[in-house]
Amino acid sequence: MTSEPAERVAAIDVGTNTVLLTVAERSGRSFQPVVERAEITRLGRGVDRTGRLDPSAIADTVAVIARYAAEARSLGVTRIAAVATSAARDASNGAEFFEAARAAAGLVPEIIPGGEEARLVHLSAWSDFGTPGGRLAVLDVGGGSSELTWGDGPVPEGRRSFQVGAVRLTERVSPGDPPSGDDLRRMQEAAREALLEVTEIRASGALSGARLVAVAGTVTTLAAVAQALPAYDAARVHGSPLSREALRALLGRLATLTTAERSRLPGMEPKRADVIVAGAILVAAALELGGFDALTVSDRGVRWGLLHDRFG
């Protein structure tokens, strides 16, 4: 008796800052990655100020989506799940982006609300780090929004979406290069204000005994820089710990450097260098407000949750 060949499927996550692709082979309910891609196009640049997607950001993002879709199909993928999150949700001209994606890539990303984004991220984190009888809290600091979920299974008991991310916080404060002490204080105050509800969630006992897993490009970049990786290595980043003290020291170091200096650090994604300080401030605020001493880094997120949800 011969077994059926493994099916190849793909997931594309169009975020405020980054477009991500995973092509994986499905065997039962498990997936093995074949190709993973990430490219920063900053679809959400300026959205917080103008309420609209920038035409050049649309063009850059659509070009990447078309390239991803073509690569996936060349690898034998017949089913592609694609979603768009914060920037596309918030922009008044989102329809222009979706029509351009349809014309160039033959697919239209599905707009998902913050709660659905959080559910998919939680499912992904639970698949890798969940344990029977254990509790998990999952933090996703994106470019335009951040999400927190918690629970003792693959479906979160609770979730919150906050309209602040690394790009949005940077644009709101417009810090100097490098940021001044006043710039840092303003970003820290804005981050704490935006995430203040985390203190109420903590007070309710929902986070008690939970292991914190953090996902998305901000935290994976911080982990890569903390390890001084000469080239990004998902195997070394995924599952690595990052303590609150180590994060505080790393933030202090990053904040003294210019964007150009940060971009040259081992482990730094150059296109993320201008927003990494704001991202680190958001992660640090979430740790403090949630009462966590450390987090576990996940190299996976919405796209892996999509694979499990749509094809698992």
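Can you name the residue in the range 122-149 that is touching a His at 6+ places or on another chain (Cβ under 8 Å) and modelled with pLDDT of 95 or more and is also farthest from Ala216 (Cα to Cα) among such residues? So the residue we want is Leu136. Across the range 143-176, the qualifying residues are those that are surrounded by 17 or more Cβ atoms within 10 Å (Cβ to Cβ) and among the polar types (S, T, N, Q), and the one among them that is nearest to Ala210 (Cα to Cα) is Thr149. Looking across the range 285-312, just one residue is among the acidic types (Asp, Glu) and crowded, with 22+ Cβ neighbours inside 10 Å, and that is Asp299.
Condition first: in a loop (DSSP other than H, G, I, E, B) and of a type outside the set (Ser, Thr, Tyr). Now tell me which residues in the range 226-238 satisfy that.
Matches in the range 226-238: Gln227, Ala228, Leu229, Pro230, Ala231, Asp233, His238.
Regarding the range 296-303, can at least one residue be identified that is at pLDDT 95 or above, more than 15 Å from the chain's Cα centre (by Cα) and not in a loop (DSSP other than H, G, I, E, B)? No - not one qualifying residue is present in the range 296-303. The residues on offer are Thr220, Thr199, and the sole one that is within 18 Å of Ser146 (Cα to Cα), surrounded by fewer than 16 Cβ atoms within 10 Å (Cβ to Cβ) and of a type in the set (Ser, Thr, Tyr) is Thr199.
Among the residues making up the range 219-243, those that are farther than 14 Å from Gly279 by Cα and touching a Leu at 6+ places or on another chain (Cβ under 6 Å) are Ala226, Leu242. Residues in the range 27-38 include at least one that is without any contact (Cβ under 8 Å) to a residue 60 or more places away in the chain, surrounded by fewer than 19 Cβ atoms within 10 Å (Cβ to Cβ) and assigned to a loop (DSSP other than H, G, I, E, B). Taken as a whole, the condition of being assigned to a strand (DSSP E or B), under 18 Å from Val302 (Cβ atoms) and among the small types (Gly, Ala, Ser) does not apply to Ala87.
Here Arg29 passes the criteria (1) over 25 Å from Gly114 (Cα atoms); (2) within 20 Å of the chain's Cα centre (by Cα) except the one numbered (2). Scanning the range 94-114 for residues that are among the aliphatic types (A, V, I, L, M) and not in a helix (DSSP H, G or I) yields a total of 4. You will find that of Trp126, Trp150, the residue that is of a type in the set (Phe, Trp, Tyr) and touching a residue at least 40 places away in the same chain (Cβ under 8 Å) is Trp150 and no other.
One line per residue, one yes/no per condition, for (1) surrounded by 24 or more Cβ atoms within 10 Å (Cβ to Cβ); (2) in contact with a His (Cβ under 8 Å, 6 or more places away or on another chain); (3) at pLDDT below 95; (4) closer than 27 Å to Ser127 by Cβ:
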site: Asp54; (1), (2), (3), (4): no, no, yes, no
site: Ala59; (1), (2), (3), (4): no, no, no, no
site: Glu71; (1), (2), (3), (4): no, no, no, yes
site: Asp90; (1), (2), (3), (4): no, no, yes, no
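Val64 passes every criterion in (1) assigned to a helix (DSSP H, G or I); (2) touching a residue at least 60 places away in the same chain (Cβ under 8 Å); (3) of a type in the set (A, V, I, L, M) apart from (2). Taking the range 239-278 as the range and being touching a Gly at 6+ places or on another chain (Cβ under 8 Å) and either of a type in the set (Ser, Thr, Tyr) or part of a helix (DSSP H, G or I) (or both) as the test, only Arg272 passes.
Selection of the range 71-106 for residues being hydrophobic (A, V, I, L, M, F, W, C), closer than 15 Å to Asp48 by Cβ and in contact (Cβ under 8 Å) with a residue 60 or more places away in the chain yields Ala87, Ala88.
The values are calculated or read from the model by the stated rules, or taken from the named source; none is laboratory data. Nothing here was measured: the structure is a model prediction, and the numbers come from that model. Cβ: placed from backbone, ideal geometry, glycine included. Neighbour counts: every protein chain shown.
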